[in-house]
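Input: a single structure, listed below in structure tokens.
Only the coordinates and a few stated rules stand behind these numbers; no lab work does. Not measured: the values here are computed from a predicted model. Glycine also receives a Cβ, built like all others from the backbone with ideal geometry; neighbour counts cover every protein chain displayed.
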Amino acid sequence: MARYLQARCRRCRAENKKLFLKGNRCLSVKCPIDKKDSLLRKSPPGKASGTRVKKLSGYGVQLKEKQKLKDMYGILEAQFRRYFKIASREKGITGDNLIRLLETRLDNIVYRMRFATSRAQARQIILHRHVEVNGIVVNVSSYNVKQNDVITVREKSKELKVIRESLMLAKNYGISPWLEVDSESCKGVIKQIPRRNDITDLANINEQLIVELYSK
């Protein structure tokens, strides 16, 4: 399976925005984006401090927006393009459809339910067969859930350290309102498929730029 090998914090620095790729580290003082005395925010990785950054063309802005969304969800180009094709064929606004398809991936749902601290960790949990959907073990991260689906951590996996630590964080950062989670039993339900404005941590994403890029 293809995967990213680049340092994750480097991708956040390149965007000068949190992409929440490293779980607990993104919420701690170690996050380079939050370091007020750091020069990292003034220049992208690989550039000396104070180096002038060339202004992007319209195409460059669109490309950057696509890369940012791909990085957040941990998806490579071929799969991302496939999602766009599906979104463009469905009724409604293509950009909203694209976000919905990404949000309903099983790895994202496991992350949103706080069974994992990041989407990358969620993929590992799913791959190692710790998660059930409607009582059936699913080890495919890209599996798309539906409304009223029940997501459960398997009985023998409920005491895993990574899952318990992640659920502890849920008390501080909460659960998305379109999900219902019982932390004690490690069980969650998809109350409804999210709308675009339900996903607050994508406020800095302009999916219309991605639609324009792929529509050329």
Least to most buried among 113, 168 (fewest other Cβ within 10 Å first): 168, 113
The range 105-193: relative contact order as a whole-number percent, Cα under 8 Å and 6+ apart: 31 percent
For residue 150, residues with placed amide H under 5 Å, excluding near neighbours: 134
5 Å binning of all Cα-Cα separations within the range 47-157, expressed as whole percents from 0 upward: 2, 11, 18, 19, 16, 12, 8, 7, 4, 3, 1
Summed residue charge, Cβ within 13 Å of residue 157's Cβ, Lys/Arg positive, Asp/Glu negative: +4
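Any chance you could list the semi-axes, whole Å, largest first, of the equivalent ellipsoid that the Cα gyration tensor gives for the range 105-193, using √(5λ)?
16, 15, 12
For a footprinting-style exposure proxy, rank 180, 159 by other Cβ within 10 Å, fewest first.
On the way: 180 15, 159 10.
With the sparsest Cβ surroundings first, the list reads 159, 180.
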